[in-house]
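S.K.: Dumping the structure here so I can ask a few things about it.
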There are 2 protein chains.
Amino acid sequence: MTFNEFLLKTALLLIFAKGCGEIFNRLRMPGVVGELIAGILLGYSLLNVIDPAQESFHILAEMGAILLLFEIGLEMDIDDLKRAGFASIWVGTLGVALPFFFGWLISLAFHYPPLEALFIGGVLTATSVGITARVLQEKGWLKSREANVILGAAVLDDVLGLLILSILTSVEKGNISFLYIIRSFIVALLFLGLSIGIGLRITPFLMKVLVNLRTKGAFYAGVIALFLLFSLLAQLAGLAPIVGAFACGLLLSRTEHKLHIERGITPLADFLTPFFFVIMGAQMKIGTISPTSIVFALILLAIAFLGKLLPSLLLPRKGLSKWIIGVGMLPRGEVGLVLSAYSLTHNILTSADYSLLVLVLMFTTLIAPLILNFSLRERPAH
Amino acid sequence: MTFNEFLLKTALLLIFAKGCGEIFNRLRMPGVVGELIAGILLGYSLLNVIDPAQESFHILAEMGAILLLFEIGLEMDIDDLKRAGFASIWVGTLGVALPFFFGWLISLAFHYPPLEALFIGGVLTATSVGITARVLQEKGWLKSREANVILGAAVLDDVLGLLILSILTSVEKGNISFLYIIRSFIVALLFLGLSIGIGLRITPFLMKVLVNLRTKGAFYAGVIALFLLFSLLAQLAGLAPIVGAFACGLLLSRTEHKLHIERGITPLADFLTPFFFVIMGAQMKIGTISPTSIVFALILLAIAFLGKLLPSLLLPRKGLSKWIIGVGMLPRGEVGLVLSAYSLTHNILTSADYSLLVLVLMFTTLIAPLILNFSLRERPAH
């Protein structure tokens with residue numbers, strides 16, 4: 001790719017991503033879906049302007065994913081997890097277990113190979129809480145007990161989702177024996193535990209060094225180098241690189257420099273994450289989806305819905321609007337997309353299955369705020 | 001390049017760039033030279049870890065150059081240029097004309113082909129004022145009349161340097177006739193004039209649209225898309241892309257959103273410009289410099305010095321410390337580096353000549369603050 005080509009295509013990518021995002025925002029729908037649709041327009045499915053296989057786009061998209069997970073980790077509060085309480089743990093754990101189990105089961109029933117079935121189940125697990133949080137905020141519900149349960153559960157299921165990703169990426173290397181899964185689980189837990197445990201001792205010292213650097217941009221360059229190395233470390237431990245970026249974000253969220261880091265990393269993430277979402281959309285080949293697989297997609301959608309709604313509705317707690325909690329947990333997003341992307345680039349999923357899965361994720365994300373808007377209007381904030 | 005490789009090499013690039021930059025800063029020498037040396041360490045000359053020919057690094061380095069020139073344009077005040085006055089115009093114009101003319105002449109004398117000789121002259125023209133400004137600031141001289149002359153002249157010679165680059169890139173396409181040079185000069189002036197003229201009418205409206213977007217990061221994505229398109233436009237007009245980025249920055253520096261733009265673009269530039277400087281250094285092949293060409297390099301260095309010192313010392317104005325002005329104009333940097341990089345990638349300069357030129361630029365930048373520090377200590381601020 002010549003630099004001219006890169007200039008033109010990157011300009012188009014940014015304009016389409018933010019243009020579609022803006023249209024969706026104005027229609028009170030999630031901007032992320034708009035960016036995915038920008039990708040569908042520019043990619044294999046339609047205009048064929050952006051080729052996701054080109055090295056530079058591929059690398060920038062992966063950088064976007066890493067930055068996204070780093071930001072998610074940075075914004076997460078480990079204390080929130082500790083405070084999450086029974087309701088969040090119930091909703092979070094069951095809301096991961098049910099979609100995973102039934103997604104896997106139905107895929108096997110539809111004659112998918114075991115590994116592919118596991119990945120399909122995994123994609124359905126993690127809630128993307130950003131969309132829900134924004135709707136709750138607009139309606140003045142952000143400080144409600146329901147919102148607390150949702151936020152706690154979403155943090156928990158992000159972690160569980162990444163744990164599943166870590167396990168599946170290890171399993172992908174050939175072994176699907178029960179023993180191997182247990183071993184991968186332990187490796188993933190060990191990586192997160194050790195990197196955060198050791199990191200918590202080293203980072204205060206490291207931050208002190210970085211803050212005292214006098215070179216322009218040296219502090220941020222240091223932070224970026226740190227999470228790139230964490231991503232690499234995760235990869236060397238047999239996990240996905242984003243798990244390392246997430247752990248690094250989590251780690252730095254505990255330091256006094258959190259706001260300082262955010263101020264410099266957010267513009268970079270704002271530039272790079274559109275590459276991720278647009279390339280995700282561009283990789284889709286809508287035309288390859290066979291009409292017969294629509295049935296499978298609808299069943300997956302039902303599992304994605306019920307797998308989050310049921311645990312919430314069955315929550316053994318009184319005085320909470322369980323319906324709001326259930327609907328709030330519906331949107332799937334970043335973690336599911338990252339898992340789908342991983343499956344595609346590692347040839348675990350076909351283009352057709354990948355396209356189908358991303359469509360299912362998009363639907364959950366589109367429908368949840370619609371129902372939420374409607375439900376919250378019915379039940380005014382206290 | 002695999003993503004793992006990219007992660008590791010990018011982390012190394014950032015750590016080396018800022019590490020060397022920091023060492024130079026602590027020694028009161030320009031950090032930019034430190035970043036170039038980081039490149040020499042990591043590149044062809046020594047460790048061979050970073051291959052500047054790899055597409056992704058190449059593209060990120062070019063993005064770094066574009067962002068650098070966009071930032072320079074953004075920080076420039078067109079009113080400063082208007083207010084520059086006789087002293088700045090004298091120092092700026094002659095300080096471009098002399099190094100260019102004598103650099104060209106001596107290169108011809110050393111049997112360089114005509115086009116290569118023109119480029120060598122061009123590389124020596126533009127002052128990099130950042131280093132001087134920092135020394136002046138440290139010594140409390142930034143508000144002095146000398147500083148005003150230097151800043152005005154430096155702005156002027158950046159513009160003249162880019163104009164020379166624009167002309168040379170057109171000439172490079174084959175024609176070196178006098179008529180063609182005049183035509184290229186007019187095209188370059190027209191591009192700058194028209195893009196700024198039309199831009200000044202359109203940007204207020206465009207900024208109004210961008211400011212009202214509700215999507216996260218949409219404002220900055222719009223600004224980035226704008227200067228990418230400007231760069232492309234410049235390229236289509238036969239100029240170098242950075243000229244377009246510079247014009248775009250100049251344009252946006254006039255809007256009320258200048259600070260807002262800076263806040264989001266600076267972190268991005270901080271991330272990408274190290275790629276430019278490190279790749280600039282990595283492209284050098286120190287080993288290819290022949291011992292005999294050292295004489296040529298020393299003559300070039302003398303021209304680089306005298307070409308800026310003489311116009312200042314001969315300035316027909318009283319009551320100014322002309323020595324300070326002359327030394328302040330010595331450092332060459334970004335614009336010269338961009339011109340060198342252009343010559344290398346377009347096969348106008350050989351690796352050996354490129355390496356030689358970058359070394360000459362590095363020396364001007366290293367020595368200027370040393371002399372300045374010494375001279376300013378002798379003459380305390382008023």
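The values are calculated or read from the model by the stated rules, or taken from the named source; none is laboratory data. What you see is a predicted model, and the numbers here were worked out from it, not measured in a lab. Because the Cβ atoms are built from the backbone with ideal geometry, glycine has one as well, and the counts that use them run over all protein chains shown. Please note that ligands, DNA and RNA were not included when accessible areas were found on the heavy atoms of the full protein model with its side chains. Shrake-Rupley method; radii C 1.70, N 1.55, O 1.52, S 1.80 Å.
S.K.: Hey, any hits in the stretch A:286-302 for a residue that's crowded, with 22+ Cβ neighbours inside 10 Å and either within 22 Å of A:TYR354 (Cβ to Cβ) or more than 9 Å from chain B (Cβ to nearest Cβ) (or both)?
M.R.: Among the residues of the stretch A:286-302, at least one is crowded, with 22+ Cβ neighbours inside 10 Å and either within 22 Å of A:TYR354 (Cβ to Cβ) or more than 9 Å from chain B (Cβ to nearest Cβ) (or both), which makes the answer yes.
S.K.: Continuing with this model, one more query. Just wondering, is there one or more residues in the stretch B:207-224 that are more than 10 Å from every other protein chain (Cβ to nearest Cβ) and open to solvent by less than 10 Å² (accessible area, probe 1.4 Å)?
M.R.: Within the stretch B:207-224, one or more residues are more than 10 Å from every other protein chain (Cβ to nearest Cβ) and open to solvent by less than 10 Å² (accessible area, probe 1.4 Å).
S.K.: Contact list please: Cβ distance under 6 Å, first residue in the stretch A:290-309 and free of Cβ contacts under 8 Å to residues at least 24 places away in the same chain and farther than 19 Å from A:GLY122 by Cβ, second residue part of a helix (DSSP H, G or I) and open to solvent by less than 20 Å² (accessible area, probe 1.4 Å), pairs at least six apart or on different chains.
M.R.: Pairs found: A:LEU309/A:GLY326.
S.K.: Now, a different point. Can you confirm whether the stretch A:187-203 contains a residue that is more than 9 Å from chain B (Cβ to nearest Cβ) and buried (at least 24 other Cβ atoms within 10 Å of the Cβ)?
M.R.: Yes: the stretch A:187-203 contains one or more residues that are more than 9 Å from chain B (Cβ to nearest Cβ) and buried (at least 24 other Cβ atoms within 10 Å of the Cβ).
S.K.: Sort through B:LEU98, B:LEU36, B:LEU46 and tell me the only one that's of a type outside the set (Phe, Trp, Tyr) and touching a Phe, Trp or Tyr at 6+ places or on another chain (Cβ under 7 Å). Steps first, answer last, please.
M.R.: On the way: B:LEU98 fails: touching a Phe, Trp or Tyr at 6+ places or on another chain (Cβ under 7 Å); B:LEU46 fails: touching a Phe, Trp or Tyr at 6+ places or on another chain (Cβ under 7 Å).
When all the criteria are applied, what remains is B:LEU36.
S.K.: May I ask you to verify whether A:GLY140 is open to solvent by less than 20 Å² (accessible area, probe 1.4 Å) and either touching a residue at least 40 places away in the same chain (Cβ under 8 Å) or of a type in the set (D, E, K, R) (or both)? It would help to see each step written out before you state the result.
M.R.: Details: open to solvent by less than 20 Å² (accessible area, probe 1.4 Å): no; either touching a residue at least 40 places away in the same chain (Cβ under 8 Å) or of a type in the set (D, E, K, R) (or both): yes.
Taking the combined requirement at face value, the residue does not satisfy it.
S.K.: Can you list residue pairs whose Cβ atoms sit under 9 Å apart, with the first residue in the stretch B:228-247 being in contact (Cβ under 8 Å) with a residue 12 or more places away in the chain and the second being assigned to a loop (DSSP other than H, G, I, E, B)? Count only pairs 6 or more apart in sequence or on different chains.
M.R.: B:SER231/B:ALA240; B:LEU233/B:LEU239; B:ALA234/B:ALA240; B:GLY238/B:LYS173; B:VAL243/B:ALA237; B:GLY244/B:ALA237; B:PHE246/B:MET76
S.K.: Has the stretch A:260-280 got any residue that is open to solvent by 30 Å² or more (accessible area, probe 1.4 Å), at pLDDT below 95 and of a type in the set (A, V, I, L, M, F, W, C)?
M.R.: No, there is no match, as no residue in the stretch A:260-280 is open to solvent by 30 Å² or more (accessible area, probe 1.4 Å), at pLDDT below 95 and of a type in the set (A, V, I, L, M, F, W, C).
S.K.: Has the stretch B:92-115 got at least one residue that is aliphatic (A, V, I, L, M) and under 30 Å from A:THR2 (Cα atoms)?
M.R.: Yes, the stretch B:92-115 has at least one match.
S.K.: May I ask you to list the residues in the stretch A:1-28 that are open to solvent by 50 Å² or more (accessible area, probe 1.4 Å), within 27 Å of A:ALA368 (Cβ to Cβ) and not hydrophobic (A, V, I, L, M, F, W, C)?
M.R.: A:ARG26, A:ARG28 - these are the residues of the stretch A:1-28 that are open to solvent by 50 Å² or more (accessible area, probe 1.4 Å), within 27 Å of A:ALA368 (Cβ to Cβ) and not hydrophobic (A, V, I, L, M, F, W, C).
S.K.: So, one more: Say we look at the stretch A:225-237 and pick out the residues that are more than 9 Å from every other protein chain (Cβ to nearest Cβ) and open to solvent by 20 Å² or more (accessible area, probe 1.4 Å); which of these is nearest to A:LEU272 (Cα to Cα)?
M.R.: Going through the qualifying residues, I end up with A:PHE230.
S.K.: Looking for whichever is among the aromatic types (Phe, Trp, Tyr) and more than 19 Å from A:GLY64 (Cβ to Cβ) here; the options are A:PHE271, A:PHE246, A:PHE276, A:PHE296. Which one fits?
M.R.: Only one candidate passes the filter, namely A:PHE296.
S.K.: Within the stretch B:156-174, can one find any residue that is among the hydrophobic types (A, V, I, L, M, F, W, C) and more than 21 Å from B:PRO241 (Cα to Cα)?
M.R.: No - not one qualifying residue is present in the stretch B:156-174.
S.K.: Still on this model: Would you mind listing the helices (runs of 4 or more DSSP H) fully within the stretch B:1-112 where at least 1 residues are under 18 Å from the mean Cα position of the chain (by Cα) and within 14 Å of another protein chain (Cβ to nearest Cβ)? Outline the logic, then answer.
M.R.: Working: elements: B:3-26, B:31-42, B:55-75, B:78-83, B:85-109.
Ranges flagged: B:3-26, B:31-42, B:55-75.
S.K.: Given (1) surrounded by 19 or more Cβ atoms within 10 Å (Cβ to Cβ); (2) farther than 25 Å from A:THR288 by Cβ; (3) in contact (Cβ under 8 Å) with a residue 40 or more places away in the chain, identify the lone condition not met by A:ILE89.
M.R.: Of the numbered conditions (1) surrounded by 19 or more Cβ atoms within 10 Å (Cβ to Cβ); (2) farther than 25 Å from A:THR288 by Cβ; (3) in contact (Cβ under 8 Å) with a residue 40 or more places away in the chain, the odd one out for A:ILE89 is (1).
S.K.: Looking only at the stretch A:190-216, count how many residues are in contact with a Lys or Arg (Cβ under 8 Å, 6 or more places away or on another chain) and of a type in the set (Phe, Trp, Tyr).
M.R.: Residues in the stretch A:190-216 being in contact with a Lys or Arg (Cβ under 8 Å, 6 or more places away or on another chain) and of a type in the set (Phe, Trp, Tyr): 0 in total.
S.K.: Any idea how many residues of the stretch A:272-285 are over 19 Å from the mean Cα position of the chain (by Cα) and within 11 Å of chain B (Cβ to nearest Cβ)?
M.R.: Residues that pass the stated criteria total 0.
S.K.: If I filter the stretch A:256-271 down to residues being more than 11 Å from chain B (Cβ to nearest Cβ) and charged (D, E, K, R), which single residue comes out as farthest from the chain's Cα centre (by Cα)? Reasoning before the result, please.
M.R.: We begin by selecting, within the stretch A:256-271, every residue more than 11 Å from chain B (Cβ to nearest Cβ); these are A:256-260.
Narrowing the set further to residues that are charged (D, E, K, R) leaves A:256, A:258.
Numbers: A:GLU256: 26, A:LYS258: 21 Å.
Going through the qualifying residues, I end up with A:GLU256.
S.K.: Give the residue that is most open to solvent (accessible area, probe 1.4 Å), with candidates limited to residues of the stretch A:241-255 that are of a type outside the set (A, V, I, L, M, F, W, C) and farther than 25 Å from A:HIS346 by Cβ.
M.R.: Restricting attention to the stretch A:241-255, the residues satisfying the condition of being of a type outside the set (A, V, I, L, M, F, W, C) are A:241, A:244, A:249, A:253-255.
Then drop every residue that is not farther than 25 Å from A:HIS346 by Cβ, which leaves A:253-255.
On the way: A:SER253: 19, A:ARG254: 107, A:THR255: 24 Å².
Among residues in the stretch A:241-255 that are of a type outside the set (A, V, I, L, M, F, W, C) and farther than 25 Å from A:HIS346 by Cβ, the one most open to solvent (accessible area, probe 1.4 Å) is A:ARG254.
S.K.: Run A:TRP323 past the list (1) assigned to a helix (DSSP H, G or I); (2) within 14 Å of chain B (Cβ to nearest Cβ); (3) not polar (S, T, N, Q) and report the number of the one that doesn't hold.
M.R.: (2) is the only condition that A:TRP323 fails.
S.K.: For A:PRO311, state whether it is within 13 Å of chain B (Cβ to nearest Cβ) and not hydrophobic (A, V, I, L, M, F, W, C).
M.R.: no
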